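A.B. asks: Take a look at the following structure, please.
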Amino acid sequence: MVSPCRVNQGNNGEIFLLCRSAKKHLGPSLCCFLATISQPLQVSNHVLTEDIIFREVTPTNCLISRRLLTKTSRAPRWMERYLPKHMASSAYIIEDSIVDPQKRTMTTLTWNISHARLMSVEERCHYRINPENGSWTEIKREAWVSSNVYGLSRAIQEFGLARFKTGVTKTMKGFEYVLAKMQGETPSRTLAETATERARETALAAKEKAKDLASHAQKKQYV
Amino acid sequence: MNSVGEACTELKREYDTCFNRWFAEKFLKGDRSGDPCTESFRKYQRCVQAAIKEKEIPIDGVDFMGPNKDNDRR
């Protein structure tokens with residue numbers, strides 16, 4: 001059976017993923033680390049390149065790393081009219097991570113360094129052993145979306161959040177895929193149904209809201 | 001996965017192979033004996049940092065785990 005991931009939502013809007021560790025001796029840190037580094041390969045065909053640009057073992061024996069990712073930039077049509085025509089078609093993203101092998105935890109912080117004035121997305125993930133069940137890895141995920149574009153910031157924030165929520169489903173797919181491969185199984189295509197359903201509904205609602213806000217903002221400009 | 005510097009992908013792969021082995025077999029098991037990847041890392045970094053400069057990718061000026069520290073609501 002493929003190791004499933006379950007999605008829970010915290011009281012402050014954080015999203016928790018609970019993923020069962022593939023093999024007990026690997027432990028959650030390795031499991032998640034490998035899942036994180038190979039996830040772009042498996043699910044997102046929008047990641048073009050991945051590079052480690054800094055890495056060090058600290059005096060407390062933690063591994064700190066900085067990664068540079070480039071992705072194809074996908075802006076929806078309603079947003080495209082606000083983008084300068086010569087804007088880079090590549091998006092650059094930085095991910096900082098800390099792996100603590102003693103505590104069996106990992107923290108990652110990811111943010112975009114291109115298009116940042118248009119929309120800035122920052123995501124923080126904490127990985128640890130689930131305190132109630134040692135064979136589960138708990139991932140707490142939080143995101144901040146902001147925009148400085150006058151008149152459009154609400155629309156862009158809603159869009160960013162919608163994409164983040166859709167991204168949770170992809171993240172789960174990514175983890176499932178990698179965990180299945182590590183167990184030597186053929187990855188299943190099914191997902192926890194509640195998670196997919198909820199993610200899709202929230203994403204759709206937020207996308208509609210974003211479109212709406214954008215068209216209202218446009219109308220206001222001509223008043 | 002490719003490197004942002006087209007010429008660096010092979011060096012990147014060599015480093016990744018070394019790193020993944022060290023990470024699983026030494027680092028996670030608490031073995032603190034030396035890092036066998038310093039040479040491959042150095043070669044890879046020399047290539048990729050040059051590519052980043054050439055493409056003018058704005059990677060500088062942010063502290064590690066730095067951006068928007070006030071987002072931390074703990």
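A.B. asks: What figure in square angstrom, to the nearest 10, would you give for the accessible area of B:LYS29 with a 1.4 Å probe?
C.D. replies: Near enough 150 Å² of accessible area.
A.B. asks: Relative contact order (percent) for the range B:5-53, with alpha-carbon contacts under 8 angstrom and 6 or more residues of separation? Present the calculation step by step, with values, prior to reporting the outcome.
C.D. replies: Values: 25 pairs, mean separation 28.2, N = 49.
RCO, the range B:5-53: 57 percent.
A.B. asks: Work through the residues other than A:ILE113 whose Cβ is under 13 Å from its Cβ and net out their charges, Lys, Arg +1 and Asp, Glu -1. Could the numbers behind the result be given before it?
C.D. replies: Numbers: positive: A:ARG66, A:ARG67, A:LYS71, A:ARG117, B:LYS55; negative: A:GLU95, A:ASP96, A:GLU122, B:GLU56, B:ASP60.
So the surrounding residues net to 0.
A.B. asks: If you take each beta carbon of peptide A:58-71 and count the beta carbons of other chains within 10 angstrom, what is the mean? Before the final figure, lay out the partial values.
C.D. replies: Details: counts 0, 0, 0, 3, 0, 4, 2, 2, 4, 0, 6, 2, 5, 0.
Average neighbour count from other chains, rounded to a whole number: 2.
A.B. asks: Not counting ligands, DNA or RNA, and with a 1.4 Å probe, what is A:ARG154's accessible surface area in Å² rounded to the nearest 10?
C.D. replies: Its accessible surface works out to 120 Å², give or take rounding.
A.B. asks: Which entries of B:LYS29/B:LYS53; A:LYS165/A:LYS211; A:LYS71/A:LYS165; A:LYS71/B:LYS53 have Cα-Cα distances beyond 28 Å here?
C.D. replies: B:LYS29/B:LYS53
A.B. asks: About the Cα centre, and with charges only on the beta carbon of Lys, Arg (+1) and Asp, Glu (-1), how big is the dipole of the range B:5-53? Nearest 20 debye, please. The partial results should precede the final answer.
C.D. replies: Numbers: 10 positive and 8 negative charges, 30 e Å.
The calculated dipole for the range B:5-53 is roughly 140 debye.
The values are calculated or read from the model by the stated rules, or taken from the named source; none is laboratory data. What you see is a predicted model, and the numbers here were worked out from it, not measured in a lab. We place every Cβ from the backbone using ideal geometry, glycine too, and count neighbours over all the protein chains shown. In case anyone asks, the SASA skips ligands and DNA or RNA and just uses the protein heavy atoms, side chains included. Shrake-Rupley method; radii C 1.70, N 1.55, O 1.52, S 1.80 Å.
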